[in-house]
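Notes follow the structure.
The values are calculated or read from the model by the stated rules, or taken from the named source; none is laboratory data. Given the structure is predicted, the values throughout are model-derived calculations rather than measurements. Please note: Cβ atoms are built from the backbone with ideal geometry, for glycine as well, and neighbour counts cover all protein chains shown.
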Amino acid sequence: MEQTRTKPGAPAVAKHYTQPAAERQILRTMKALQANGFKVVVVEDLQQLYDAVIKLIPAGAEVFTGTSRTLEEAGLTEALNNRPYKSVRAMFASYAGQPDKQVEMKRIGSASDYAVGSVHAITEDGQVVIASASGSQLPNYVYGARNFIWAVGSQKLVKDLDEAFDRIENHTLQLEDKRMQKAHGVHSSINKLLIYRKEPTGRGTIIIIREAVGF
């Protein structure tokens, strides 16, 4: 598989995993996701993404935001962690430096009105794959949140699970590891891997951005 480096010292990344998906792949994946119980919205760019997410979340809702380059680039991390929303991350901050509050923090972070984040790969048959080092975002997605919204650049659409795992191991992890070293001075790792096959309750919305956005 062809690889490239964006600048000296940058991790090699597979070019295949950085290109926006073709329209036929977007449509095929969208239909499969809908058959698996997800609501699907397709937008052109980050501005349309921002508008779509804000439209879905009512003022006053309690919102958990997962760490996501896509949300950050769209301005959604900042918007959703301020009024008129109730920010779960702000609640976390009030417990900083209090070891005896760790369990309470986990409770707060596991059942929000809305959990908003991204994923690392979506297969053409409608399976969603999320990798995590800590797993902190997973309880909300899997069960706890009343609603969840995933914003996904179309370059994350892949043929099948084999390609999804390859994308995560050989592309996403390299970029996330570099981000973690720069931000926190530590390496990232794939400690937990979630395969989300169906969401029969109607609580999940996936917004596919035609542009290549995020890791």
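Structure data summary
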quantity: Qualifying residue in the stretch 147-165 (condition: touching a Lys or Arg at 6+ places or on another chain (Cβ under 7 Å), crowded, with 16+ Cβ neighbours inside 10 Å and not in a strand (DSSP E or B)); calculated: yes
quantity: Number of the condition not met by Thr67 [criteria: (1) at pLDDT 95 or above; (2) within 24 Å of Thr172 (Cα to Cα); (3) of a type in the set (Val, Ile, Thr)]; calculated: (1)
quantity: Looking only at the stretch 122-146, and only at residues there that are over 15 Å from the mean Cα position of the chain (by Cα) and assigned to a helix (DSSP H, G or I), the one that is surrounded by the most Cβ atoms within 10 Å (Cβ to Cβ); calculated: Gly144
quantity: Boolean, Leu173 is surrounded by 15 or more Cβ atoms within 10 Å (Cβ to Cβ), under 15 Å from the mean Cα position of the chain (by Cα) and modelled with pLDDT under 95; calculated: yes
quantity: Condition met for Gln174 (in a helix (DSSP H, G or I) and without any contact (Cβ under 8 Å) to a residue 24 or more places away in the chain); calculated: no
quantity: Long-range neighbours under 7 Å by Cβ, at least six apart or interchain, first residue surrounded by 14 or more Cβ atoms within 10 Å (Cβ to Cβ) within the stretch 95-121, second at pLDDT 85 or above and of a type in the set (Ser, Thr, Tyr); calculated: Gly109/Ser136; Ala115/Tyr141; Val116/Thr65; Gly117/Thr65; Gly117/Ser68; Ser118/Ser68; Ser118/Thr70; His120/Thr172
quantity: Meets criteria (in contact (Cβ under 8 Å) with a residue 40 or more places away in the chain, surrounded by fewer than 23 Cβ atoms within 10 Å (Cβ to Cβ) and either of a type in the set (S, T, N, Q) or touching a helix residue (DSSP H, G or I) at 6+ places or on another chain (Cβ under 9 Å) (or both)) for Ile195; calculated: yes
quantity: Single match in Ala79, Ala111 (criterion: at pLDDT 90 or above, closer than 25 Å to Phe215 by Cα and either out of contact with any strand residue (DSSP E or B) (no Cβ under 8 Å at 6 or more places or on another chain) or in a loop (DSSP other than H, G, I, E, B) (or both)); calculated: Ala79
quantity: Positions within the stretch 22-50 being part of a loop (DSSP other than H, G, I, E, B) and within 17 Å of the chain's Cα centre (by Cα), in sequence order; calculated: Phe38, Asp45
quantity: Among (1) over 27 Å from Pro200 (Cα atoms); (2) hydroxyl-bearing (Ser, Thr, Tyr); (3) in a helix (DSSP H, G or I), the one test that Tyr95 misses; calculated: (3)
quantity: Residues within the stretch 161-191 that are closer than 24 Å to His16 by Cβ and either hydroxyl-bearing (Ser, Thr, Tyr) or in contact with a strand residue (DSSP E or B) (Cβ under 9 Å, 6 or more places away or on another chain) (or both), tallied; calculated: 18
quantity: Residue list for the stretch 58-76, restricted to those being over 18 Å from Lys156 (Cα atoms), surrounded by fewer than 20 Cβ atoms within 10 Å (Cβ to Cβ) and either touching a residue at least 40 places away in the same chain (Cβ under 8 Å) or touching a strand residue (DSSP E or B) at 6+ places or on another chain (Cβ under 8 Å) (or both); calculated: Gly60, Ala61, Glu62
quantity: Checking Gln137 against (1) among the polar types (S, T, N, Q); (2) touching a Leu at 6+ places or on another chain (Cβ under 9 Å); (3) closer than 26 Å to Lys198 by Cβ, the condition it does not meet; calculated: (2)
